[in-house]
Ligand SMILES: Nc1ncnc2c1ncn2[C@@H]1O[C@H](COP(=O)(O)OP(=O)(O)OP(=O)(O)O)[C@@H](O)[C@H]1O
Ligand SMILES: [Mg+2]
């Protein structure tokens, strides 16, 4: 239940921090600082995203990706800086799905819709079953579903409130290539068709290049780069030219190395 309560607490934060965005950004953070004891997990990170943008957050283990996403989601509080989130909902899809494994797909969706105090939980659950293509699995107990289908329910729960911004922490981990393709097809369609702003973290650099219209590179709590995949290759050409013509992942690793990570 712990994770679910954390998930719900984002609603309270979102309404407290809701404010007029600056410029065209739908979600915005300025000079974010987060400390865990003496460790600074975020050291003054600036970030913003506009309607319909797909942004990949990449960087080594411990870079601060989850910390940044959880602050944007409102489930964790920054120690410094500002966060502006849109009126209404920010959807949060944590890396570990907080599902009730002994309940069915439909029961999970209904439960979360009730917890989020939807006026008509049945209609909301139905809408999500349709949107995610889980309709025919509605009666199945979650524990018996494949990892990919469990991840789809995890995302469906993040989408229950039809958020204008969807944050996903390493959503494709453990999915086979076909399930990954389906995941990204679905997520890209949300951005294109509904104008949902999607911000996701990943260790799959190819995936970031392919699906992230923009890349935010974090390392040791600092933003090293924010721009298009082509822009990152430009930076590699300038800073680590020997790797610029290699594959994207090799170029990325060379870029991090050049910056001391
Ligand atoms: N609850 C916590 N208590 C103490 N330290 C934490 C906590 N959460 C994160 N940290 C520290 O903050 C830093 C950033 O962690 P974070 O989980 O954001 O990294 P990440 O980029 O998501 O890494 P990964 O790729 O491994 O998921 C790390 O040094 C981590 O040890
Ligand atoms: Mg993480």
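Odds and ends about this structure:
- Sites residue 173 and residue 136 - FRET efficiency at Förster radius 25 Å, r taken between beta-carbons, to 0.05: 0.50
- Residues of region 199-228 with amide N under 20 Å of a point placed 7 Å along Cα→Cβ from residue 250: 204-210
- Measuring nothing but how far apart in sequence close Cα pairs (under 8 Å, 6+ apart) lie, relative to its length, the chain scores a relative contact order of 24 percent.
- Under the criterion of Cα pairs below 8 Å and six or more residues apart, the relative contact order for region 137-200 equals 39 percent.
- Fewest-first ranking of 77, 34, using other Cβ atoms within 10 Å as the exposure measure: 77, 34
- Length gained on full extension, residue 228 to residue 115, computed as 0.36 nm times the residue gap minus the Cα-Cα distance: 36.9 nm.
- Residue-averaged [θ]222 nm for the chain, counting only DSSP H segments that reach four residues, each worth -39500 (n - 2.57): -12500 deg cm²/dmol
- Whether the chain is rounded, prolate or oblate, judged on the alpha carbon gyration tensor where a/c under 1.5 counts as rounded: prolate
- Antiparallel DSSP beta bridges within the chain, as percent of all bridges there, nearest 5: 50 percent
- Relative contact order for region 29-140, counting Cα pairs under 8 Å that sit 6 or more residues apart, in percent: 21 percent
We did not get these values from a lab; they are worked out from the coordinates using the rules stated. What you see is a predicted model, and the numbers here were worked out from it, not measured in a lab. Cβ atoms come from the backbone with ideal geometry, glycine included; neighbour counts cover every protein chain shown.
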